[in-house]
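Remarks on the structure that follows.
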Amino acid sequence: ASEDPNALFGSGWLDATYKERPIPVRTRFPPEPNGFLHIGHAKAIMVNFGFARYHGGKCFLRYDDTNPAKEEEKYFTAIKDMVEWLGFSPYAITYSSDHFDKLYSLAEKLITKDKAYVCHCTKEEVNMGRGGPDNRGERKACAHRNRPVEGSLTDFRAMRDGKYEAGEAHLRMKSALTNPDVGNTMMWDVAAYRVVEKNHHHRTGDTWKIYPTYDFAHCLCDFFEGISHSLCTVEFFLSRTVYNWVLAALDLKQMDLADLENKKTPTLNSNVSASELDEYYDDTNGGPIQREYGRLNVEGTILSKRKIALLVEGGKATAKDGSEKTLPPAVRDWDDPRLFTLVAIRRRGIPPGALIKFVSTLGVSPALTNIEIVKFESIVRSYLEEKVPRLSLVLDPIRVTITNLPDDHLEELDVAFHAKIPSYGSHTVPFTKTIYIDRSDFREQDDPDFFRLAPGKSVGLTGGNDKKLRTIKATSFTKDPTTGLVTDVSVTLEPSDSPKPKAFIHWIGGPPFGANSKLSPVTAEVRLHNALFRSDKPDELDWKTGGYIDDLNPDSEIVFPNALIECGFDEVRRRAPWPAAEGEKEGAIMGMASYAVRFQGLRTAYFCVDADATAEKVVLNRIVTLKEDAGK
Ligand code: ATP
Ligand code: MG
Ligand code: MG
């Protein structure tokens, strides 16, 4: 495991894959434009774009738009944005639909070669012919499998011309259904084309009533684009044979078709290892090769498009007891920082470099990678540590009056933006009679285990480059009679030679600043996000009947409407991008014509300006806490 993105490629799985076919690399990232990308897709993007980049090759962004019913324009734009945000530029943007004419002709060719047939069986009949529900029964050819080529061709054209409704006809590949030795279900005459009911396509309009399947189209689109290595996730492993079969059957890849149809391919429940399986496929001789890597899954959240859609839109459900249930939206939108879509991760303020570092650290192999959110966050935290400036931010301010200072006291402290990084420079912080500290740093009742401010107790104030010790001691406090909350604390400034305090707290200077109003703190709304669900395994909640609603964490979003940020914030904003945004484009935060603005709030958390911020109002999201167990 390494933090260097290139380490994914020169050794390990990706290197082995390259060595199988050491030719100029052309890859593709092929999302279906039917939803927003999620954190798992960051791995797919890195594997495909990164592999090509490492080898000086090319990577296509291919929209796999063969299912018109679910596609929407907004997804196309968002997908491209996310690829670019992660720092990759597609060699070309293509669409599976670019190839519809060619795909159609090749389907006719497959029929002509007696390698495909139009089948009119129902779904149930097809399943029975494939050995029944468990795929273990006897497999049988249906009445259509051995029909004359001419009949299939005429029927396929009729499908194209709209003479069949969805479900009445489909084109099936004639591969190895009847060979009892071939245990690979993907070789049991899977569909190549189907009639689609909602068939209006955003690019080809009403031209097509039939659309190709993934199994037929993907390998061919790879072929058309000259893809060398077609990298996908492990659940497509059994599809590798059919991938090769389609290409071989159409004379686009030099492989022995009869061999593919007769090999005892491993059954679904066999325990063969990936390397044994690799040996089984001798497919590196011409044409693209498909190879499979493990998915990336993040625990404690949900990634399924259907479930996120429920969280975003709400809906109706029938509960287990039969009652109707209204499911309210649980998040604001697909980019709500509590989600793990890439748009949400970006909005939350996680830099693209941190995501790249995360995926690099995990490595790539055929194994599924199940990662806990805390592990992800710890990598983000370590990424940010030396890449953003630091400022004082008080989430829930209470006013502190230093009674032994004159009313117009003003010391302009010079404070470094980052104690360990001199090149970040410094800024001015006003030390005045009135300062603000965080409510959590004061206790009405002292306690021997508490080292911050309490009546009769001293605490240090974080300091400037003058290294002068500033210690305050609380003398009294006042409360708001209606809310019962402390509003004011009176303190005295202790002599600078008094003993070093046990703890230091951060603070923000308040007026008067004399003529220098630039020293004023900035008010901000700060949003802290926590796990959306109480359960560690929200995927296992009751999604069908809406029971997941009862598991929502009531503290998944905590808002501090009146937080204060010290005046240095203006400079932090002006000087963005800081190194954390390396490679990130301007406008990276949606809707804002600027760079993402990130900083560490001293003793508090990492923060980023949210897309809801306006010229008048600062809105921040917590990116991550400063320590693993903070904020729980
Ligand atoms: P989902 O069903 O989770 O929304 P998908 O597989 O339908 O995802 P696609 O748009 O088809 O999404 O995915 C594009 C590419 O990203 C595919 O090559 C797919 O294998 C890969 N991919 C999808 N999810 C993951 C994941 N969790 N980890 C790694 N790669 C993934
Ligand atoms: Mg998919
Ligand atoms: Mg899917």
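Any read-out appearing in this document is the output of simple, stated calculations on the displayed coordinates, not a laboratory observation. Every value quoted in this text rests on a predicted model; they were computed, and no experiment measured them. Every residue, glycine among them, receives a Cβ derived from its backbone with ideal geometry; neighbour counts consider all protein chains shown.
Some notes on this structure:
- Using the alpha-carbon positions of region 482-541, Rg (one decimal) and Dmax (whole number) come out as 20.9, 60 Å.
- Dipole magnitude (debye, nearest 20) for region 390-625, charges at Cβ of Lys, Arg, Asp, Glu: 660 debye
- The alpha-carbon of Lys502 sits under 12 angstrom from the alpha-carbons of these aspartates and glutamates, leaving out residues fewer than 8 places away in its chain: Asp449.
- For region 1-55, the Kirkwood hydrodynamic radius from C-alpha pairs, put into Stokes-Einstein at 37 °C and a viscosity of 0.692 mPa s, yields a diffusion coefficient of 268 µm² per second.
- Region 206-232 and region 9-41 have their alpha-carbon centroids 16 Å apart.
- Paramagnetic reach from Thr492 in region 431-474 [backbone N under 16 Å; point 7 Å along Cα→Cβ]: 454-459, 471-474
- A full extension of the chain between Ala503 and Ala416 corresponds to an added length of 29.3 nm, given 0.36 nm per residue minus the alpha carbon distance.
- Proximity of backbone amide H atoms, modeled 1.01 Å from N, is registered between Arg62 and Phe29, Thr94 at under 5 Å, excluding neighbours fewer than 5 places apart on the same chain.
- Full extension of the chain segment joining Asp259 with Ala7 gains 87.0 nm, where the gain is 0.36 nm per residue of separation less the Cα-Cα distance.
- Computed about the Cα centre, the dipole magnitude for region 405-516 is approximately 320 debye when only Lys and Arg (+1) and Asp and Glu (-1) carry charge, each at its Cβ.
- Interchain or long-range residues, amide H under 5 Å from Phe442's placed H: none
- A simple count of charges around Gly129, restricted to other residues whose Cβ falls under 15 Å of its Cβ and scoring Lys, Arg +1 and Asp, Glu -1, yields +4.
- Taking one quarter of the surface of the C-alpha convex hull of region 365-439 gives a mean projected area of 8.1 nm².
- Extents of the chain, largest first, come to 102, 59, 45 Å (Cα atoms, principal axes, whole angstrom).
- When only alpha carbons are used to place a centre, region 53-70 and region 508-533 end up 44 Å from one another.
- Cα-based reach from Lys320 at 21 Å (exclusive), listing lysines while leaving out same-chain residues under 8 positions away: Lys307, Lys537, Lys544
- Links that overshoot a 25 Å alpha carbon limit, given the list Lys387/Lys627; Lys74/Lys163; Lys80/Lys585; Lys70/Lys109; Lys19/Lys174; Lys74/Lys387: Lys74/Lys163; Lys70/Lys109; Lys19/Lys174; Lys74/Lys387
- Full extension of the segment from Glu165 to Ser378, taken as 0.36 nm per residue of separation minus the current Cα-Cα distance, would add 71.4 nm.
- Spin-label zone in region 244-260 - amide nitrogen under 14 Å from a point set 7 Å from the Cα of Asp282 along the C-beta vector: 254-260
- Cα-derived Rg to Rh of region 390-625, Kirkwood definition: 1.02
- Percent of C-alpha pairs per 10 Å bin, region 386-515, short to long: 12, 42, 34, 11, 1
- For region 390-625, the relative contact order comes to 21 percent (Cα pairs under 8 Å, sequence separation of at least 6).
- Built amide H within the under 5 Å cut-off of Leu620, gap 5+: Glu525, Val526, Arg527, Asp610
- Angstrom value of the Kirkwood radius, inverse mean 1/r, which spans all Cα pairs in region 42-195: 18.2 Å
- Relative contact order of the chain, taken over Cα pairs closer than 8 Å and 6 or more residues apart, is 13 percent.
- Taking Cα centre as origin and charging only the Cβ of basic (Lys, Arg, +1) and acidic (Asp, Glu, -1) residues, the dipole magnitude of region 1-152 rounds to 600 debye.
- Long-range tail of P(r) for region 138-259 (Cα pairs > 16 Å, %): 67 percent
- Ordering of 303-316, 243-256, 504-517 by packing is 243-256, 504-517, 303-316, highest average first (other Cβ atoms within 10 Å, averaged per residue).
- Counting all C-alpha pairs of region 13-89, share separated by more than 14 Å (%): 61 percent
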